[in-house]
1. Out of the range 53-78, which residues are at pLDDT 95 or above and not aliphatic (A, V, I, L, M)?
2. Checking Arg34 against (1) in contact with a Ser or Thr (Cβ under 9 Å, 6 or more places away or on another chain); (2) modelled with pLDDT of 95 or more; (3) basic (Lys, Arg), which single condition isn't satisfied?
3. When the residues of the range 79-97 are narrowed to those that are polar (S, T, N, Q) and closer than 30 Å to Lys31 by Cα, which ends up modelled with the highest pLDDT?
4. Limited to the range 27-58, what total is found for residues that are under 9 Å from the mean Cα position of the chain (by Cα) and of a type in the set (A, V, I, L, M, F, W, C)?
5. Going through the range 39-74 one residue at a time, which ones are of a type in the set (Gly, Ala, Ser) and either part of a helix (DSSP H, G or I) or closer than 14 Å to Thr3 by Cβ (or both)?
6. Spot the failing condition for Lys29; the list is (1) closer than 15 Å to Arg9 by Cα; (2) part of a helix (DSSP H, G or I), and only one is missed.
Amino acid sequence: MQTFIMLTRLVSEEVNPSFNIQAKEMTVKEKVARYCPDVEWVNDYAILGPWDYLDVIRAPDMETAMQASTLVRYYGGCHTEIWPAVSWDKFRSGLQELIQVMEKD
């Protein structure tokens with residue numbers, strides 16, 4: 001499974017007096033679970049800045065992560081952005097392997 005960061009920003013037209021964030025969240029997570037059962041939600045954060053939420057998800061590949069993002073946009077009424085991510089340990093290990101290969105040249 002690959003790790004992805006999904007940034008989400010609510011569309012301002014969606015946020016009105018009848019907006020129910022808990023109902024929206026349940027709908028979105030239900031749709032993702034139904035149509036992308038391989039996606040695992042690792043953690044959710046509410047954040048300040050140009051984005052409202054940062055979610056860490058795991059998916060088998062980029063296409064599946066994009067499908068989950070599309071469902072969030074469609075059912076959640078928001079904008080999303082997906083970034084592939086790798087743990088610092090895995091990045092550092094891969095960097096060391098690259099350095100070793102480069103030193104052989």
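1. Residues satisfying the conditions are Asp55, Arg58, Pro60, Asp61, Glu63, Thr64, Gln67, Ser69, Thr70.
2. Status for Arg34: all satisfied but (1).
3. Step by step, filter the range 79-97, then rank; the result is Thr80.
4. 4
5. Of all residues in the range 39-74, those of a type in the set (Gly, Ala, Ser) come to 46, 49, 59, 65, 68-69.
Passing the criteria: Ala59, Ala65, Ala68, Ser69.
6. It fails just one condition, (1).
The values are calculated or read from the model by the stated rules, or taken from the named source; none is laboratory data. Source: prediction; values computed, not measured. Neighbour counts are summed over all protein chains in view; Cβ atoms, including those assigned to glycine, are modelled from backbone coordinates with ideal geometry.
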